[in-house]
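The values are calculated or read from the model by the stated rules, or taken from the named source; none is laboratory data. Just so you know, these numbers come straight off a predicted model, no measurement behind them. Glycine also receives a Cβ, built like all others from the backbone with ideal geometry; neighbour counts cover every protein chain displayed. For accessibility, only protein heavy atoms count, side chains too; no ligands or nucleic acids. Shrake-Rupley method; radii C 1.70, N 1.55, O 1.52, S 1.80 Å.
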Amino acid sequence: MIELRQLSKQYGNIQAVVDLDLKIRRGEIFGLLGPNGAGKTTIVRVLTMLTRPSGGSASINGYEVNRDLRKVKKEIGVVPQHMNLDLELTARENLELHGRLHKMPRAQRQQRIQELLAYVELTERSNDLAGKYSGGMKRRLMIARALMHHPGVLFLDEPTAGLDPQARRKIWNLIRRMNSEGMTVLLTTHYIEEAEVLCHRVGIMDHGRLIALDTPAKFKKKVGEIVVEVLNHGNTKYRFFAGREQAAQYAGSLTENVVIREANLEDVFVELTGRKVGD
Ligand SMILES: Nc1ncnc2c1ncn2[C@@H]1O[C@H](COP(=O)(O)OP(=O)(O)OP(=O)(O)O)[C@@H](O)[C@H]1O
Ligand SMILES: [Mg+2]
């Protein structure tokens, strides 16, 4: 379990995270969603001990993030937002290095590397330099690296940013598979559909605060499951309805062009913040 208690982080005058309380259950896939600068990466960095919180505290599987450094390190795997593989090393060597840093004995290291290369489908390319990998392959290698020491909690900061739909799907399948084998996952994303298909619960962040937290299905129920998009001189307005009938009735009363469709998490975000996720 991951627990944040009144967690805050300040960078100079910037309040990156403000008094955040959050509990993520063991075995859960939890998604943090929010626009640029919302504080998602800062939360990941505090929880993975890359930066100290300014206030409050956090624990992972009962170990305090600020106190039990070594114990926390064993519990967690991290896939950072920015690619930080050693591009001059092969995939295998990247994993080898990580295993050594975690003081895994040689035989165990070798076995785990074989296992993980197969798991992320990179066995055939394992002796290529990481620098020669595609974006999706690099991301899969970063995931394999994060899993080397058998962590129970995995942090994925924008795991599919910049990937094509097929590569993204591969990562999604990988995340689902890890989760079905017991992994707790905290991921951040800008992709609404990613949060929707992967996450048991989603926290929506804005300006360092959690402004809403629920399951994707309940979020959609709350704002209304059917949307009427009204297109008017290049402007789009949204109206939400509980059912298709009311939506159709409303649409029928308009003279503008309309689109009637099912609501998604993007609509929830727009409703809550008045902005689109990328804005
Ligand atoms: N090392 C740092 N020094 C100063 N300010 C920082 C630092 N890291 C983050 N910030 C600031 O903290 C705020 C939150 O940043 P953070 O990286 O957590 O956002 P994010 O939600 O991950 O955004 P993105 O979606 O763009 O990755 C921003 O205003 C950012 O400028
Ligand atoms: Mg970020």
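Structural remarks
- Helix-only [θ]222 nm of the chain, DSSP H runs n ≥ 4, -39500 (n - 2.57) each, per residue, nearest 500: -11000 deg cm²/dmol
- What the range 219-273 shows is 62 Å² of accessible area per residue, with the surface traced by a 1.4 Å probe over protein heavy atoms.
- Expressed as a whole percent, the accessible area of the range 2-215 that falls on carbon and sulfur atoms is 48 (1.4 Å probe).
- Within the chain, longest stretch free of exposed GluC sites (Glu not before Pro) [DSSP loop, at most 16 other beta carbons within 10 Å]: 1-87
- Once you divide the Cα radius of gyration of the range 109-261 by 2.2 N^0.38 Å, the number left is 1.40.
- Size of electric dipole in the range 50-156: Cβ of Lys, Arg +1 and of Asp, Glu -1, about Cα centre, debye, nearest 20: 280 debye
- Cα gyration tensor category, rounded, prolate or oblate, for the range 219-273 with a/c compared to 1.5: oblate
- Here's the picture: charge each Lys and Arg Cβ at +1 and each Asp and Glu Cβ at -1 in the range 219-273, and of Leu265, Gln249, Val223 the one pushed furthest to the positive end of that dipole is Val223.
- Using θ = phi - 60° in the Karplus curve 6.51 cos²θ - 1.76 cosθ + 1.60, the 3J(HN,Hα) couplings for the range 243-259 round to x, 5, 4, 4, 4, 5, 4, 4, 4, x, 7, 9, 9, 6, 6, 10, 10 Hz; x is entered for Gly and Pro.
- Filtered trypsin sites (Lys or Arg not before Pro), the range 49-133: DSSP coil and at most 11 other beta carbons within 10 Å: Arg67, Lys103
- Helix 106-119 and the longest principal axis of the Cα set of the chain meet at an angle near 30°.
- Nearest 10 degrees, 0 to 90: helix 165-180 Cα axis against the chain principal axis: 70 degrees
- Built amide H within the under 5 Å cut-off of Thr90, gap 5+: Ala130
- Evaluated with a Cβ-only charge set (Lys, Arg +1; Asp, Glu -1), the range 100-216 carries a dipole of roughly 680 debye about its Cα centre, given to the nearest 20.
- Rounded accessible area per residue of the range 2-215, 1.4 Å, Å²: 46 Å²
- Of all accessible heavy-atom area on the range 219-273, the percent that carbon and sulfur account for (1.4 Å): 44 percent
- Whether the range 1-63 is rounded, prolate or oblate, judged on the alpha carbon gyration tensor where a/c under 1.5 counts as rounded: oblate
- Cα-based shape type of the chain, given that a ≥ b ≥ c are square roots of the gyration tensor eigenvalues and the cut on a/c is 1.5: prolate
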